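Here is the structure we will look at.
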Amino acid sequence: MFRVFGLAFLFLLTISSCGKSIDSQNRKSAYFDGAAEVNSRRLTSRNLDGGNWMSHGRTYSEQRYSPLSQISVETISNLGLVWSFDLDTKRGIESTSLVIDGVMYMTSAWSIVYALDAKTGELLWKYDPNISKDKQRHACCDVVNRGVAAWQGKIFLGTLDGRLEALDALTGEVEWSVATVDPELPYTITGAPRVINGLVMIGNGGAEFGVRGFIAAYDYETGDEVWKFYTVPGNPENGFENEAMRMASSTWTGKHWEIGGGGGTVWDSMAYDSELDLMYIGVGNGTPWNQSIRSPGGGDNLFLSSIVALRPNTGEYVWHYQTTPGETWDYTATQHIILADLMLEGELRKILMQAPKNGFFYVLDRATGELLSANNYIDVNWATHVDLDTGRPVEIEGARYPEKPAMIFPSYLGGHNWHPMSFSPDTGLTYIPVLDFPAVYAQPENYSYRSAGANLGTDGIIGSLPDAQSERDALRAMMRGRLLAWNPSTNSEAWRVEYTGPWNGGTLSTGGGLVFQGTADSEFVAYKADSGDRLWSFPTQTGVVAAPISYSIDGEQYISVNVGWGGAYALVFGEYVRAESMPNVSRVLTFKLDSAGQLPPVEWEQKVYFNPPKLKADPETIRRGYGQYMDNCNGCHGLNAVSGLLVADLRASGYLHDAESWNSVVVDGALSSKGMASFSELLSREESNDIRAYVIQQAWRGKKVQEERNLSSGGK
Ligand code: CA
């Protein structure tokens, strides 16, 4: 493939050296030095070439705004599919593609990278880092990857098992590979690296299990680590890495380093201002979620749930703003950070904006970290408002579930999760994929840290679904999602589009006056950016969670989106996902004007074939199994054993039929190579048997509900 591609370069070189179009000269100069020739000059130029998408959020400001305007409010009705590329997976697709000088670089599930001809969809190369399938037990939120970075002819990939790798952009061959984390610990990487001044920046995830969060920078040529910034302090007896850690340490109580390390992972967002020479990172939740366990005497627990500004060349701390002091609800501030210059009260301000999980939209001065405004973008009931004088939320009594369980808006999946928002400098609006549903939090009956397992520190049974189907159906009405256009200048809503449910895709805004978004219910939609009027749609045959991009080649504008249902909501909320039968059909879909491509029909069946054995266990055993299920299994196999279709529905499993074969999988790891790791460090055979009893009970329950539904729909 490399050779064929190389010949194409020579051909381009030949035409452009004859003095043909400017377009081919541009291609030539880029190809002359090799593919993916990204550098500081190209990424920070004021007149940044709108035809490319060279960094995760297109530019360092992460606005996800394409200035291209050929596809516009006037022409959108002629937009159609020009090519599609089938991905070899049935797991979630969260990646934003890069397009650099005619080549698309995108990632699939399991950290697999594809290079495609962006004009035709032809495969140029594929790189598979061969992640061990049982690593998924440490992936809280599906085996996803959100994309690669490019710099000076190299493509940089963070792998699920914690490697950072540099690939030759022409061939996909590995140039270097470094372990960024201790492979014994439950770290994962799902985020896209960014490159600033030749340093490749990458963080990691794992705070649901127990890790100490950090971000590190690596030399793009060698992979050598240049700096590392921890987001939470370690044990003070070991000394502090820097003054920022000394300051942070005074905001913690207890011994969090003995129960997982405190969390605070930097698993997604970064942005960079080259004039201020500041990079911004979003920091995640604590381990465990429950602060009364993590830091029993309270405290803000810096830098959890914070935006932190760092010097990109050294990793030196400059300022921070904490969105949720002492967080206890999994309220990460890892959500997308956008930089813009806005007129505020008659003054042009360099601002930073974020809509983190906690439900408030923040506008900060990005030079100093000063809070300029904060307003809730969904209904929240953990705080009344953010006090602009102190910069702190004013909490509502009981929201920390000290004694009684509390139903809190928003849930642990947030009012906004990783799905990128976008900002249009034309409309001055930000387009947020909003989630709107609650979660019930409660103190656990007893808690002890488990080095091999999830550590949320909340009561799993109380946090699960009600048993009565009528109550589950009623809860469905509370599971909402929308596209929200938000004005950061006034910190208020401009318009909204309600969807059938949560977990819709990231957004793109364009110079054509458009906003594009894929949806959970399998559509790719274009809206008028100033009004929210729906102008165009395409059936994607699968739920869409990733964000679209736009680029141009040979004078033609393209819109491309990676589709394939998945991620945390798809895994955990099987009860609602299954009822709405979202298939996973993972593909790259690319559109241009005057094209009318069709996708082949998809066959999909969402029915569960229940065939459970007799239920012999007593209620106490089943209750114990329920608790163990919620502590160990629900993150992948779904709340109350209802799978969201991405992984096996245990209620229909043949392994249910005898305890020996069940334990051969759960305890002995018989299906480890297929992704079901051994849980021998966490579960005894007896505890595994208890889980089996619970799943058998839930299988009978599911069978009964299915039969009742068949009857009420006339036996169809
Ligand atoms: Ca989390």
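Give me the number: length gained by fully extending Arg42 to Glu221, i.e. 0.36 nm times residue separation minus the C-alpha to C-alpha distance, one decimal in nm.
62.6 nm
Which order do the peptides 170-182, 147-159 come out in when sorted by mean C-beta neighbours inside 10 angstrom, highest first?
With the highest mean Cβ count within 10 Å placed first, the list reads 147-159, 170-182.
Could you calculate the contour length gain from Lys528 to Ser673, that is, 0.36 nm times the residue separation minus the distance between their Cα atoms, to one decimal place in nm?
My answer for the length gained is 47.4 nm.
I'd like to know which of Ser95, Asn78, Val38 lies farthest towards the positive end of the charge dipole of the range 35-100, counting +1 on Cβ of Lys and Arg and -1 on Cβ of Asp and Glu.
Of the listed residues, the answer is Val38.
Per residue, how much space in cubic angstrom lies within the convex hull of the C-alpha atoms of the range 298-337?
70
Across the Cα atoms of the range 619-712, what radius of gyration and what greatest pairwise Cα-Cα distance (Dmax) are found, in Å?
Here Rg and the maximum Cα pair distance are 13.2, 45 Å.
Hey, what's the per residue convex hull volume over the C-alpha atoms of the chain, in cubic angstrom?
Normalising the Cα hull of the chain by residue number yields 152 Å³.
When the convex hull of the Cα atoms of the range 566-685 is projected onto a plane and the area is averaged over all directions, what value comes out in nm²?
With the hull built on Cα positions only, its mean projection is 9.8 nm².
If the viscosity is 0.890 mPa s and the temperature 25 °C, what Stokes-Einstein diffusion coefficient in µm²/s follows for the range 382-479 when Rh is the Kirkwood radius over Cα pairs?
Translational diffusion coefficient: 149 µm²/s.
Once you charge only the Cβ atoms, +1 for Lys and Arg and -1 for Asp and Glu, what is the size of the charge dipole of the range 619-712 about its Cα centre, to the nearest 20 debye?
Approximately 360 debye in magnitude.
Need one number: nm distance between label points at Lys350 and His657, each 7 Å from Cα along Cα→Cβ, rounded to one decimal.
Label-label distance for Lys350 and His657, simple model: 6.8 nm.
Along the Cα-to-Cβ line of Tyr609, 7 Å from the Cα, sits a label point; which residues in the range 643-674 have backbone N less than 12 Å from it?
Label zone hits: 652-654.
Which parts of the range 635-663 would a label at Ser684 reach, counting a residue when its backbone N lies under 14 Å from a point 7 Å out along Cα-to-Cβ?
No residue passes the distance filter.
Can you give me the C-alpha center-to-center distance between the range 222-283 and the range 598-634, rounded to a whole angstrom?
Spelled out, the Cα-based centre of one part sits 40 Å from the other.
From the phi angles alone, apply the Karplus equation (6.51, -1.76, 1.60; θ = phi - 60°) to the range 440-457 and give each ³J(HN,Hα) in whole Hz, x where the residue is Gly or Pro.
For the range 440-457, the Karplus curve yields 9, 10, 8, 5, x, 4, 8, 9, 9, 5, 10, 5, 9, x, 5, 9, 9, x Hz.
Given the Cα-Cα distance of Asp554 and Asp341 and 0.36 nm per residue of separation, how much length would full extension add, in nm?
73.5 nm
Quote the charge dipole size of the chain about the Cα centre in Debye, to the nearest 20; the model charges only the Cβ of Lys and Arg (+1) and of Asp and Glu (-1).
1160
Hey, what's the Cα Rg ratio for the range 569-632 versus the globular rule of thumb, 2.2 N^0.38 Å?
The value comes to 1.88.
State the percentage of accessible surface on the chain attributable to carbon and sulfur atoms; use a 1.4 Å probe and exclude ligands, DNA and RNA.
Answer for the chain is 50 percent, counting heavy atoms of protein chains only.
Mind pulling the angle between the C-alpha long axis of helix 22-33 and the longest principal axis of the chain? Nearest 10 degrees, somewhere in 0 to 90.
Once rounded, the angle reads 70 degrees.
By how many degrees, 0 to 90 and rounded to 10, does the Cα axis of helix 2-17 deviate from the longest principal axis of the chain?
Helix 2-17 sits roughly 30 degrees off the main axis of the chain.
In straight Cα distance, which lysines are under 21 Å from Lys614, not counting same-chain residues fewer than 8 positions off?
Lys703, Lys704
Sort 287-299, 248-260 by the packing proxy (mean of other Cβ within 10 Å over each peptide's residues), most packed first.
287-299, 248-260
Going by average Cβ neighbours within 10 Å, how do the peptides 698-706, 639-647 rank, with the highest at the top?
Top to bottom by mean Cβ count within 10 Å: 639-647, 698-706.
In whole Hz and in residue order, list the ³J(HN,Hα) couplings for the range 257-263 that follow from phi through the Karplus curve 6.51 cos²θ - 1.76 cosθ + 1.60, θ = phi - 60°; x for Gly and Pro.
5, 8, 10, x, x, x, x
In the range 215-310, if every C-alpha pair distance is counted and binned at 5 Å from zero, what percent goes to each bin?
Computed distribution, short to long bins: 3, 13, 21, 23, 19, 11, 7, 3, 1, 0.
Counting only heavy atoms of the protein chains, get the accessible area per residue of the chain (1.4 Å probe) and round it to a whole Å² value.
For the chain, the per-residue accessible area is 36 Å².
The values are calculated or read from the model by the stated rules, or taken from the named source; none is laboratory data. Nothing here was measured: the structure is a model prediction, and the numbers come from that model. All Cβ positions, even for glycine, are placed from backbone atoms using ideal geometry, and neighbour counts span all protein chains on display. These accessible areas exclude ligands, DNA and RNA; they are computed on the full protein's heavy atoms, side chains included. Shrake-Rupley method; radii C 1.70, N 1.55, O 1.52, S 1.80 Å.
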